[in-house]
Structures are given as structure tokens and as C-alpha cells.
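**Student:** One structure, as C-alpha cells, below. Some questions next.
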Number of protein chains: 2
Amino acid sequence: MKKIQIYDTTLRDGSQGESISFSLEDKLHIVKKLDDLGVDYIEGGWPGSNSKDIELFRHARDLKLKHAKLAAFGSTRHPRHSVAQDPNLQALVEAHTPVVTIFGKAWDLHVKLALGISLKENLDLIRESVAFLKSKGKEVIYDAEHFFDGFKADSAYALATLTVAEEAGADLLVLCDTNGGTLTSDLRERFQSASQHVKSRLGIHTHNDAEMAVANAIAAVQLGAVHVQGTINGYGERCGNANLCSVIPNIELKLGMQSIGKENLKQLAQVSRSISELANLPPRQDLPYVGKSAFAHKGGIHVSAVMKAAAAYEHVDPALVGNERRVLVSELSGKSNVLYKAAERGLKIDKSSPAAKLVVDKLKEMEHSGYQFEGAEASFEILFNKLVHNSKDFFDLDGFRVITEKKGAAESLSEAVIKLRVEGIEEHTAAEGVGPVSALDRALRKSLTTFFPCIRELRLTDYKVRVLNPESATDAKVRVLVESSDGRERWSTVGVSENLIEASWQALVDSIAYKLKKEYGSKGKGTKGASNE
Amino acid sequence: MKKIQIYDTTLRDGSQGESISFSLEDKLHIVKKLDDLGVDYIEGGWPGSNSKDIELFRHARDLKLKHAKLAAFGSTRHPRHSVAQDPNLQALVEAHTPVVTIFGKAWDLHVKLALGISLKENLDLIRESVAFLKSKGKEVIYDAEHFFDGFKADSAYALATLTVAEEAGADLLVLCDTNGGTLTSDLRERFQSASQHVKSRLGIHTHNDAEMAVANAIAAVQLGAVHVQGTINGYGERCGNANLCSVIPNIELKLGMQSIGKENLKQLAQVSRSISELANLPPRQDLPYVGKSAFAHKGGIHVSAVMKAAAAYEHVDPALVGNERRVLVSELSGKSNVLYKAAERGLKIDKSSPAAKLVVDKLKEMEHSGYQFEGAEASFEILFNKLVHNSKDFFDLDGFRVITEKKGAAESLSEAVIKLRVEGIEEHTAAEGVGPVSALDRALRKSLTTFFPCIRELRLTDYKVRVLNPESATDAKVRVLVESSDGRERWSTVGVSENLIEASWQALVDSIAYKLKKEYGSKGKGTKGASNE
């Protein structure tokens, strides 16, 4: 089966997307996820342009990648520098990646305009830069920037830039539709000309400005490209890059070629969603293959038919990409999902019991009002135990008050006061924090630690806020997700309210309840000095 | 110039999109907007399936459309009904539209599975239904549902269904990729077979399940289709329909054919955004041609070049589709970005002045500590004026206190108290809100409205929270983005702090400062009754 290389540039081109900015931690997470997914190349960044990217390459060296090769990205040498003295090329070498991707100009207009040099000089830049990187032992991928526009303007020159890169030893030539406006028909013609002109293997790099990035990438593969560059979820500058979450399944399931392989393909929906979480962008429900709506059936005419024969209404089986069918008006799917989820966590329930119906109904109602239990399994488990086993709260809240105060130009200060009872014993205390949620969290834990010493081990490791209906502005509902750890296990909890403090409170209380359940079992409220069972 | 018909089905297929539901009022608004835009057909709904759609057609009769023709949508007759007694066909006739679009089955699998009749009987259904509607004086558009999958399964039968519809008098045959999974290369082959087989004019209807809807529609036009069906913003079931906001400019600006015409094309970005408002969905910034990011430039390497020659970096002129170029201020960029941004907003500064350096340095420092000014241009402008023109605050804050209280199991309540002075006159007031930020926002505006009545017009239209270092959990820094509107303009502001209330406060204050600057100019603090300059 023909193998197509997948080259991911989420961290470089993808992070050019408006409102995307990844922290170093985010980037390292993403590198690992992409490696697990089985992509062949991961472009980590542009070390010559961004000092943060240098840091990434330094840390990435310690990651033991299973399959993917890291690539550093940069441009051909500056017209005024020799290759040996060019800071950009130096930074590429010093990134210590096995692969370097350099772009050179294929469009005469850009040579004159952006570089301000002669067409001949640009060929020298390309030749020398590629040869220099080859001499340093790198695998060199050559990106022919603006190839398709360049070909339209001066086809002989665009082709000449490819020849020079080929002769200098580039391992692969990638034809780029950098401005993203090329129609599939034009791209096909120009790609064919290039493939007749050079002997090298070709790759394709497309942007979505005419909404053709994926179709163009696939058309190039059909014409012989062996390498596709793109980003997860199509993130990228302007209208984004070719979306690998569509390119990969199109290659695997429609062209009958191999990229990451059928087994890895099942991770795709999960990878798409977790990278959108790291980008702090709401996952797009309508994304092909991986979106939550991609296999959702609405409208009376379809639903019963879908259940008869899914193949008649779905272009591929959702399980192949790790997604699932949803029938939007059916309660059956909800129930089987919930029971599946419960079984997965070792929670036992009889399918046909009234309790099962109670759980399904309650979850539906809560999801409708904004809760999300995917990624908040501890809250799911607590809710389940309350409804099915009638488990009790570990404490009773009398009340709390959280105050944030600002005096003149000084920074705001926050303080929380809390009064609660554990088996009738009252605790009334207060704490400060850097913000209102921090203050509330501290006050709550302070008040409970005397009863349940194990709470000392609890740390909050992640805190996320999503505004659910942003158009309602400060009156909008917010969903808070809290991740906690006790050094041995991590768990996540959720809260939803129009009041951010209330939503945070729900998630904090669930987090503590989960910890106490783990330590003291299901016997409900503990006592001072209750021991681990 | 060759004319391509645009057939909009936002109201029917588009409203199948998950989380889309239009009221009758919304639909009538949309009909008018589409007519103004110059589309040729507007599919209003399916009167035989949805009683709300019947109401739409009743009201739509009173609209005086300038150009567009209304179409009612429905299926061929039911196998057990004669055409004269079929309720669905009756409803189509009674919709009193000049155009009726009916779909028939082109895929043998669906004939057997969904209709449960013989292949021959299905041909009768198509023939009789088309002939009946023609006898009622309708323009009949025939949608060949699942044509491309049907052709793959049994090409002779799929073509036979077209012949029958043609012979019965259909005015146009539309080939549909109903499941949306057809690759462009396959679609081209099958489209060509159909166009060789029938004499009728052909149309194309595609879905986006393989992320090829737009490319497929354009490929069909290049092969002779004279009619494209799609939806505004690509709304639709699962992954959506062909996005007319990309199809139309591709036809007008890339194929050199005519659809709505160059003059109307300038409305496109506006129509896209207002229909997303009516659908109550946030406008997708990365939409080709019409999205807010479609012509946004980020990254130092581009910006100085874009300023030299936009055509080198933009596939079309944004003004042609009513969009605009934006240069984003981000930490990747240097001085030229900042100065361009300033110039764009009419802020004057000498490139080589110490003030210019001050602005660039301050922005870098703030971005490093978590601020982000792309998408918060109003905060950029306020900061710029402070640094360059030494502009003064409109009020002095003595202090505020925000209290969130919870009693037992009741929902939390929030209240804010604020004390501030405008030109020495003190205002001390309080307000409640659904959460702490809402309470603070209300108290702030309440206290200022007496001095600056124009604040009454101000509405917050969007509120976003991003936790910047989530691993620090509730002690993490948060960035708050607030979007505001006064009914004429929208602007965005930003705040960053470890304290969410403090971060929100900064963004709220900037928002109000921007409004006041707009109304009262740069003279600093206003007075009670200050008038518009």
C-alpha cells in the first residue's frame, strides 16, 4: 500500500492562527500527542525568529519520540550573510533536530519585493542554504513558498527554483500554496508541470483561503505527492492550513493509501479535541470526521433509516476515526452511552432499573444546561453514586462569603469566609487568595483539613473557565473545569452557573468529595481522625 | 460572461445544522437579506414536513422580492398515494411559490431501504411527481438525492432517474452529494457521465463531510453546471453544506463567471455576519473571504511586506467581498506591526521618535506578562494615547468591593460597591449581578452614567476568560477579553491578572474609556452633562 508522509505544522503555522498562543508546556504536550498519533514529522517552530521556539527544541530533545521526527523551520540565508554566518541558519543547526525545513521564494514578485535582490541571486540563496544544511547532516525538506502563484507569474522561474534545490541535495520538495487562493484545477496543472520537471519526491502545503485546502492536498496526492503538510483542526494564519483531521482519513479511507495507519486513525477525534482544548478554542462541532456533529443525525426522515443501515447515510463508519454516531432525538443512544461510561469506571447498574433511567434523565438535563462530563469523570462518578447509592455529602455548608476589594490603583485583594459542619461540628474560618476562587478554595480546604487530614495531599493542577454563551457577556453561563491530584491519581470535576464563584464552588466541592470517597469509602460523612479503610 | 445561478438553502438544509433554529421572524429577515444579496433562488422550507414552513410561505408572499424566486422543497409522491392525493405534493402546490424543488432517489440502496419499493416503481414516482408539478405551472427543479453514491453503486440506474425527470419536464437537474463523502476526482468523472447522458441544464448540491463541498461545487461549475446550491456560512446538517460565502467569490473572482455580480459581492461579509447573528452562532473568524481573520496578517516577516504590496500576500482584494485587511499586533512582530496598527487606527506617531520606542517596549512587556492586543484593539488605542499623548483617565477610583455570598444550598448572590470621583465629584453606589463581574460592571456603569449619559448605550456583547498557566490552578493568571457595542461600533478590550475580578475590571474600564474617548474626545475627564464635541 502506498505510504504518504504526514508533516504536522500545528506548532509553527498553526500557532499563526489568530487567538492561538501555546505555552511551552502546551507545545510539549502536543508533540507527544502527535507522536502517539503516528505523524511522520512534527515542525516545532522557527528558532531563528522566535526565542520561545529555541526553548521548545531544547526541551523536546528529552522527549523519547516513538516514531515522529522533529523539524526546525527557517528561511534561506539572508542576502547579506554568507551561509556560515547567517544567524537563521545557525539557529536551525543548533536546534539539533534530525530534520530542517527551509523555505525559499518561488515567485519572482516576492524575490524583487520582499528580498530586493535579483532572480539569479535568489537561486544562489536556495542552492547555498540547502547545500549548507545537507553538509551538516540534516534531512532537508525544501518548501517552495508561493509556488503556485509563482508558477502563474513566471513558470520557468518557479521551476528553476525547484531544480536548484534538487541539485543542492534537498531530500524532498514541497510545493506551497502560501496565499491559499489556488483553485484545484489550476493546482493540478501546475503540480503536474513540476512533477515532470524534477526527479525529486514532492510534497504539498496548502492554505484554505478559497476553502480548497483539503481538496487541493488530496488532488496533489492523487497526482503523486508523497508528503502532506497541514495542521490539526486546520489551525493557521487567516483561514488556516490544510486540516490534517480531514486529510488523513481521506488518504486512509478514500484513497486506499497509508499514512498514520488504521489503528492510529482511531485516535483522531480525541487528538482533535484535546488540541482544541490546549488552544483554548471551543472544538468545532461541524468538523468533518472528528466533530461532534459529523455523524449526528437530525430530521425525522433520516433517523429511523440510519438505524436500519448506517452505510446509506454515513460516508464512513465513525468508529474508524474514533468518533461516534449521535441520533439527536433518540434517548436510546443517551442511555447506552451513560451505561457504557458507568461500566468503564466500574460503576455497576442494572440497565433496565429505574435508577438507570434516573441517571440518564439527570445527565441529559445537566448537559442541556451546560455541564459536560467528558473530561470531568470524577463529577460523573459522584453524581452517579448520589443518584444510585444515595451517598451523602461529607459536610453541610452553612454559607460562605467571598470578598474582592480594590483600593485606588493597588491590585485587588480577595478573602473568603466559610462556615460549615461535619457531623454537627461547626467550623468557621477564613482565608486570603490571589483571586476570589483561590481564596474560596483555601478557606474550604482549611476548614475541612481538621476533619479529614488527607485533604492536605490534594493539589489543584488545572483550572479552566469556558464562557458558554459569550454573547450574554458578563451574565453568561460559565463552565469551570478543575483538575486535582493527590500525587497518585488525577481527577477532574465540573461546575456550571451564571455565577463564576458558584461554578467554581461546585467543581471544588466535587473534587474534595472524590478524594474523601477514595480515602474513606462511601460511608458518607467522616469524623475527625477517620482512618483509611 | 457566463451566468451561474445561486440557489440558497440556508433556511431549509442550513437549519438542519445542530444548534441552529430560526424563528419565523429570523427567516423573513434572512429572505430579505438574501434577496438584497442577489441570489437567484431562496429555498424557504419543506411545507409537507414542517408546519412552521407553511407559515413562512404564507408570510413570504407579502414580501416584494427584487430578484430572487422563492422555492418550496419536498419529496416525490409517497408510494401509496397518487399524485393528486399526495399530501406532500399538495403542500408544495399550496405554498404558492413560483418554484418547486423535489428530490427523488438516485441510489438503488435507498429505493429498497428507505422506500421499500422496486427500482421501476421509483422511476414512476419521479416521472409522475415532476409531471404533476409542471401541470400546475411550476418551475420544477429536480434534486437527484445521493446521485454520486448512487452512480458508484449502479450508474445505469442513477442515470435512468435523471432521464425520467428530464422527460417529465423538469427545468433543471441537480446532482446531489447528499452524504458529502465524494472526492473531487470521483465527482468530476460522475458529473461528466451525467452531462453526456442528459440534455438538461445541470446543477450541483454538495455537503462537506470530506471537507470538499466548495471544491466539488466549483469543479462541477467548471464542467458545465449552471446552478449551485448551498448555504450562507456553510451551515447544514453534520459538517454542513457548500458554503456560498466561498462559492460565490470563487465564481466571480476566480472563474470569471457571473453569479450575484461584482456590486452585490461587496455585501458578502456583512451578510455572512448578520446571518450568523440571526443563527445565534459566533461568526467564524477563519471563514474564507468573509471571516474577520481572512485578511489578517501576523508574524513579523509578512507585515512590512504586506504594506509594500498587498497583492503579493492576499489572494484577492478584501474590499471586493466587503471585508478588510487587518494587521495583528502580537509578540512575534516588531516595530513595523505596531506602527502599522497605529496608522490603521488613525493614531499618528513618528517612527523614529522616543515615543514609538516607548510604545513598542511597553507592548512587548505587557504581551510577555499575558496581554494580547490582537482582538483587543480598543485597549491598544487607549494604551497608545496614554503613552504618546499622556491622555488622562476619565475618573479616579477610590475603591470597590465585590461580595459573593452563598447560604446553604441556595445559589450564590453577588453584589458590588464602588466609590469613584469624576473631576472631584464623588459617587458611591452599589449594584447586584448574577456573578461578581456582572455586579461590578453594573455598579461601575451606574456610577458613571450620571456623569456620562452616553454610557447608557453601551452593551457588553462578549466576555471571554482564558487561564494562562492552568497548571497553577486557581492561582493562575487569567486574561479577560470583553467586547462592547454602542449599536454603531464594536470594540474589544483586555485585562490580565492573577485575580479574575481585577482582570475583568481592567477590561471593563478600558471599554468605557474607549466609548468616552469616542464621544467626548481626548480632553480627559468629562463633567456632568459634557456634550458631544
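**Student:** In region A:27-51, how many are out of contact with any strand residue (DSSP E or B) (no Cβ under 6 Å at 6 or more places or on another chain), among the small types (G, A, S) and either at pLDDT 95 or above or buried (at least 20 other Cβ atoms within 10 Å of the Cβ) (or both)?
**Tutor:** Start the filter on region A:27-51 by keeping residues that are out of contact with any strand residue (DSSP E or B) (no Cβ under 6 Å at 6 or more places or on another chain), which leaves A:27-30, A:32-33, A:35-38, A:45, A:49-51.
Subset that is among the small types (G, A, S): A:38, A:45, A:49, A:51.
Remaining after also requiring either at pLDDT 95 or above or buried (at least 20 other Cβ atoms within 10 Å of the Cβ) (or both): A:38, A:45.
Count: 2.
**Student:** Scan region A:357-401 for residues that are under 21 Å from A:S484 (Cα atoms) and among the hydrophobic types (A, V, I, L, M, F, W, C) and report the count.
**Tutor:** Total satisfying the criteria: 9.
**Student:** Out of the residues in region B:408-462 that are among the charged types (D, E, K, R) and closer than 30 Å to A:E426 by Cβ, state the one that is modelled with the lowest pLDDT.
**Tutor:** Taking region B:408-462 as the starting set, the residues that turn out to be among the charged types (D, E, K, R) are B:411, B:415, B:419, B:421, B:423, B:426-427, B:432, B:441-442, B:445-446, B:456-457, B:459, B:462.
Imposing the further condition that a residue be closer than 30 Å to A:E426 by Cβ reduces the set to B:411, B:415, B:432.
Numbers: B:E411: 87, B:E415: 96, B:E432: 96.
In this case the residue turns out to be B:E411.
**Student:** May I ask you to list the residues in region A:195-210 that are over 27 Å from B:C245 (Cβ atoms) and surrounded by 24 or more Cβ atoms within 10 Å (Cβ to Cβ)? Don't jump to the end; show me each part of the working.
**Tutor:** Our first condition is that a residue be over 27 Å from B:C245 (Cβ atoms); within region A:195-210, this holds for A:195-203.
Residue satisfying the conditions is A:G203 alone.
**Student:** Let me ask another. What number of residues within region B:214-227 satisfy the criterion of being within 21 Å of the chain's Cα centre (by Cα) and more than 8 Å from chain A (Cβ to nearest Cβ)?
**Tutor:** Qualifying residue count for the region: 1.
**Student:** Name, by its number, the condition in (1) more than 27 Å from A:G521 (Cβ to Cβ); (2) surrounded by fewer than 16 Cβ atoms within 10 Å (Cβ to Cβ) that does not hold for A:R401.
**Tutor:** Just one mismatch for A:R401, condition (2).
**Student:** If B:E237 meets every condition in (1) without any contact (Cβ under 8 Å) to a residue 40 or more places away in the chain; (2) of a type in the set (D, E); (3) within 22 Å of B:L287 (Cα to Cα) apart from one, which number is that one?
**Tutor:** Failing condition for B:E237: (1).
**Student:** Same structure, new question: Which members of region B:463-491 meet the condition of being closer than 24 Å to B:F395 by Cβ and either of a type in the set (A, V, I, L, M, F, W, C) or at pLDDT below 85 (or both)?
**Tutor:** B:Y463, B:V480, B:L481, B:V482, B:G487, B:R488, B:E489, B:R490, B:W491
**Student:** Out of curiosity, is B:F395 more than 34 Å from the chain's Cα centre (by Cα), more than 8 Å from chain A (Cβ to nearest Cβ) and among the aromatic types (F, W, Y)?
**Tutor:** yes
**Student:** Go through (1) modelled with pLDDT of 90 or more; (2) out of contact with any helix residue (DSSP H, G or I) (no Cβ under 9 Å at 6 or more places or on another chain) and name the single condition B:G375 misses.
**Tutor:** (1)
**Student:** Are any residues in region A:453-468 under 30 Å from B:L508 (Cα atoms) and more than 9 Å from chain B (Cβ to nearest Cβ), and if so, which ones? First the steps, then the outcome.
**Tutor:** Filtering region A:453-468 down to residues under 30 Å from B:L508 (Cα atoms) leaves A:460-468.
Matches in region A:453-468: A:L468 only.
**Student:** Considering only residues of region A:234-276 that are among the hydroxyl-bearing types (S, T, Y) and out of contact with any Asp or Glu (no Cβ under 7 Å at 6 or more places or on another chain), which is nearest to A:A213 (Cα to Cα)?
**Tutor:** Let us first name the residues in region A:234-276 that are among the hydroxyl-bearing types (S, T, Y), namely A:235, A:246, A:259, A:272, A:274, A:276.
So of that shortlist, the ones also out of contact with any Asp or Glu (no Cβ under 7 Å at 6 or more places or on another chain) come out as A:235, A:272, A:274, A:276.
Numbers: A:Y235: 12, A:S272: 18, A:S274: 23, A:S276: 20 Å.
For region A:234-276, the residue satisfying everything is A:Y235.
**Student:** State yes or no: is B:N385 of a type in the set (S, T, N, Q), over 30 Å from A:I403 (Cβ atoms) and crowded, with 18+ Cβ neighbours inside 10 Å?
**Tutor:** No.
**Student:** Further question on the same structure: Looking at region B:406-449, which of the residues that are farther than 21 Å from A:K407 by Cβ and of a type in the set (D, E) is nearest to the other protein chains (Cβ to nearest Cβ)?
**Tutor:** B:E411
**Student:** So, B:N208, is that one in contact with a Cys (Cβ under 8 Å, 6 or more places away or on another chain) and at the interface with chain A (Cβ under 8 Å from one of its Cβ atoms) or not?
**Tutor:** Numbers: in contact with a Cys (Cβ under 8 Å, 6 or more places away or on another chain): yes; at the interface with chain A (Cβ under 8 Å from one of its Cβ atoms): yes.
Criteria met by B:N208.
**Student:** Next question, about the same structure. Could you check how many residues of region A:58-83 are part of a helix (DSSP H, G or I) and modelled with pLDDT of 95 or more? Give the derivation first.
**Tutor:** Here is the first cut: in region A:58-83, the ones part of a helix (DSSP H, G or I) are A:58-60, A:83.
Now restrict to residues that are modelled with pLDDT of 95 or more: A:83.
Going through region A:58-83 one residue at a time, the tally reaches 1.
For (1) away from chain B (no Cβ under 14 Å); (2) assigned to a helix (DSSP H, G or I); (3) among the charged types (D, E, K, R), each residue gets a yes or a no:
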{"site": "A:F451", "(1), (2), (3)": "yes, no, no"}
{"site": "A:T474", "(1), (2), (3)": "no, yes, no"}
{"site": "A:V480", "(1), (2), (3)": "no, no, no"}
{"site": "A:S484", "(1), (2), (3)": "no, no, no"}
{"site": "A:S492", "(1), (2), (3)": "no, no, no"}
{"site": "A:V496", "(1), (2), (3)": "no, no, no"}
{"site": "A:A507", "(1), (2), (3)": "no, yes, no"}
{"site": "A:I512", "(1), (2), (3)": "no, yes, no"}
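**Student:** Additional query: Quick test for you: out of A:G180, A:G230, A:G234, pick the one residue that is touching a strand residue (DSSP E or B) at 6+ places or on another chain (Cβ under 6 Å), among the small types (G, A, S), buried (at least 20 other Cβ atoms within 10 Å of the Cβ) and at the interface with chain B (Cβ under 7 Å from one of its Cβ atoms).
**Tutor:** A:G180
**Student:** A further question on this structure: If I filter region A:311-322 down to residues being within 11 Å of another protein chain (Cβ to nearest Cβ) and either more than 15 Å from A:L287 (Cβ to Cβ) or touching a residue at least 12 places away in the same chain (Cβ under 8 Å) (or both), which single residue comes out as surrounded by the fewest Cβ atoms within 10 Å (Cβ to Cβ)? Reasoning before the result, please.
**Tutor:** Here is the first cut: in region A:311-322, the ones within 11 Å of another protein chain (Cβ to nearest Cβ) are A:311-316, A:318.
Those still in the list that are either more than 15 Å from A:L287 (Cβ to Cβ) or touching a residue at least 12 places away in the same chain (Cβ under 8 Å) (or both) too: A:311-314, A:316, A:318.
Numbers: A:A311: 13, A:A312: 19, A:Y313: 22, A:E314: 19, A:V316: 23, A:P318: 18.
Ranking the qualifying residues of region A:311-322, first place goes to A:A311.
**Student:** Has region A:48-62 got at least one residue that is of a type in the set (D, E) and under 25 Å from A:A194 (Cβ atoms)? Quick ask: steps written out before the conclusion?
**Tutor:** Filtering region A:48-62 for residues of a type in the set (D, E) gives A:53, A:55, A:62.
If we keep only those that are under 25 Å from A:A194 (Cβ atoms) as well, we get none.
Checked against the condition, which is being of a type in the set (D, E) and under 25 Å from A:A194 (Cβ atoms), region A:48-62 yields no hits at all.
**Student:** Next question, about the same structure. Among the residues of region A:385-405, which ones are out of contact with any Lys or Arg (no Cβ under 8 Å at 6 or more places or on another chain) and at pLDDT below 95?
**Tutor:** Matches in region A:385-405: A:K386, A:V388, A:H389, A:N390.
The values are calculated or read from the model by the stated rules, or taken from the named source; none is laboratory data. All figures in this text were calculated on a predicted structure; none of them were measured in a lab. Methodologically, a virtual Cβ is constructed for each residue, glycine included, from the backbone with ideal geometry; neighbour enumeration extends over all protein chains shown.
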